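Working notes for the structure below.
The values are calculated or read from the model by the stated rules, or taken from the named source; none is laboratory data. For clarity, every value in this text was computed on a predicted model and none was experimentally measured. Cβ atoms come from the backbone with ideal geometry, glycine included; neighbour counts cover every protein chain shown. Keep in mind that these areas ignore ligands, DNA and RNA; they rest on the heavy atoms of the full protein, side chains included. Shrake-Rupley method; radii C 1.70, N 1.55, O 1.52, S 1.80 Å.
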Amino acid sequence: MSHEKPVLLFDGVCNLCNSVVQFAIKRDRAQRFRFAALQSEAGQALLAQFHIPTESFETFVLVERERYFTKSTAALRVAKGLGHLWPLAYTAIIIPKPLRDLVYDIIAKNRYRWFGKKDQCMVPTPDLSDRFL
């Protein structure tokens with residue numbers, strides 16, 4: 001499975017993750033990114049393609065052609081692809097990955113407690129359905 005546009009895989013029941021996706025959609029005026037819940041059929045297929053565990057939803061996964069990125073690197077690469085000043089956030093890539101991912105892991109571990117969780121994955125509105133796999 002290969003995709004022309006980068007695909008952001010996210011935890012479809014996580015309120016924080018859904019907010020990040022909505023944030024990205026609003027700022028991705030060039031419609032560079034597509035999206036899929038990690039729990040969805042498309043998300044599970046992409047995880048399997050890259051030999052990423054299909055039962056763990058602790059990280060964003062950004063698929064760019066035949067490569068994938070996780071955790072803070074995925075988040076920063078998404079920021080780099082957004083409009084306005086958001087690409088400046090990518091300069092944080094100079095922070096050592098273990099430190100960036102430590103912060104990411106703390107947020108990921110507490111995201112349901114801090115931001116809540118839905119009973120089911122987000123369903124895109126009809127005008128956004130072409131952005132989702």
Open item on the list: Out of Phe115, Phe57, I need the residue that is within 16 Å of the chain's Cα centre (by Cα), of a type outside the set (D, E, K, R) and farther than 24 Å from Glu4 by Cβ. Which one?
Closed with: Phe57
TODO: Determine which single condition Phe60 fails, assuming it passes every other condition in (1) of a type in the set (A, V, I, L, M, F, W, C); (2) surrounded by fewer than 19 Cβ atoms within 10 Å (Cβ to Cβ); (3) at pLDDT below 90.
DONE: (2)
Open item on the list: Only one of Arg65, Arg100 is open to solvent by 60 Å² or more (accessible area, probe 1.4 Å), over 13 Å from the mean Cα position of the chain (by Cα) and of a type in the set (Lys, Arg). Can you tell me which?
Closed with: Arg65
- [ ] Go through segment 1-117 and tell me which strands (runs of 3 or more DSSP E), entirely inside it, have 2 or more residues that are at negative phi and either in contact with a His (Cβ under 8 Å, 6 or more places away or on another chain) or free of Cβ contacts under 8 Å to residues at least 12 places away in the same chain (or both).
- [x] 67-70
TODO: Tell me, please, whether a residue that is open to solvent by 20 Å² or more (accessible area, probe 1.4 Å) and under 13 Å from the mean Cα position of the chain (by Cα) can be found in segment 2-10.
DONE: no
Task: Count - residues of segment 26-41 that are over 22 Å from Tyr112 (Cα atoms) and open to solvent by 20 Å² or more (accessible area, probe 1.4 Å) - done: 8
Open item on the list: Among the residues in segment 68-79, are any open to solvent by 90 Å² or more (accessible area, probe 1.4 Å) and either among the hydrophobic types (A, V, I, L, M, F, W, C) or out of contact with any strand residue (DSSP E or B) (no Cβ under 8 Å at 6 or more places or on another chain) (or both)?
Closed with: no
